[in-house]
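Before any comments, here is the structure.
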Amino acid sequence: MKDHNQPAIDEKRILEVLSMGLPTDFENPNRVGCPASAILEGIASHRLTLSETNQWLDHFGSCSPCFVEFSAIRKRLRTKRKIKLGGIVTTLIAAGIVWFSQRHRSASVVATLDLHTYSLERGSQSPNSKPEPEIRRGIRHLILYLPVGSKEGDYDVVLMREAGDELFRATGKAQLANHVVILKADINLSDVPEGLCLLGIRKPGLEWNLFPVRLR
């Protein structure tokens with residue numbers, strides 16, 4: 001049984017002893033006095049302590065077959081460790097690629113518009129001296145930071161032309177977070193043509209608040 005109070009086996013010392021018996025200098029075809037292969041593997045894999053192998057040191061220095069077998073075991077274990085390490089690295093790289101692609105994909109289907117500085121004038125278009133916010137037709141989720149004074153709860157969301165032609169309608173729920181009311185809605189604009197539009201939001205039954213946006 002392994003003595004956990006002993007230091008880990010000094011492989012360098014074992015190799016020095018083994019190297020005294022070069023592969024062909026000390027033949028032992030019948031493997032007389034040789035330790036079992038499990039002993040050699042225990043040494044090579046650092047599972048045995050030096051005290052557990054002392055009884056074999058003299059034999060190792062005068063047995064070419066033990067030297068050859070021990071060398072083969074060490075080579076096999078090193079190859080196995082490299083394969084295992086390579087597998088771990090490959091797994092980590094693959095996980096990183098999946099994480100990045102999922103994050104990129106998630107970001108590519110979400111649009112966020114900050115409307116909280118606009119006024120809430122029912123039934124009118126909010127003035128805006130800045131360029132119209134852009135919404136890509138491929139998005140699937142819309143996040144709106146609603147104007148100051150907006151209430152939590154259910155909302156209707158519509159996209160229409162300036163002439164009033166409705167292009168798309170959805171519903172969403174608004175909640176207060178960090179002193180801003182945020183409305184989230186699932187949308188699909190793949191069939192809506194590009195161009196300048198009006199984004200409308202309202203509480204059910206009330207008039208629309210309209211905001212200019214550009215669909216591309």
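The values are calculated or read from the model by the stated rules, or taken from the named source; none is laboratory data. Every value quoted in this text rests on a predicted model; they were computed, and no experiment measured them. Cβ atoms come from the backbone with ideal geometry, glycine included; neighbour counts cover every protein chain shown. Accessible surface is based on the protein model in full, side chains and every heavy atom, while ligands, DNA and RNA are left aside. Shrake-Rupley method; radii C 1.70, N 1.55, O 1.52, S 1.80 Å.
Here are the numbers for the structure shown:
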| item | result |
| --- | --- |
| Wholly within the stretch 132-216, strands (runs of 3 or more DSSP E) carrying at least 1 residues that are open to solvent by 90 Å² or more (accessible area, probe 1.4 Å) and farther than 13 Å from Leu113 by Cβ | 166-177, 180-186 |
| In the stretch 32-68, residue least open to solvent (accessible area, probe 1.4 Å) [restricted to those that are at pLDDT 75 or above and among the polar types (S, T, N, Q)] | Ser64 |
| Tabulated pairs, the stretch 26-51, first within 15 Å of Phe67 (Cβ to Cβ), second among the β-branched types (Val, Ile, Thr) and modelled with pLDDT under 80, C-beta under 9 angstrom, 6+ apart or interchain | Pro35/Ile43; Pro35/Thr53; Ile39/Thr53; Ile43/Ile9; Ile43/Ile14; Ile43/Thr53; Ala44/Ile14 |
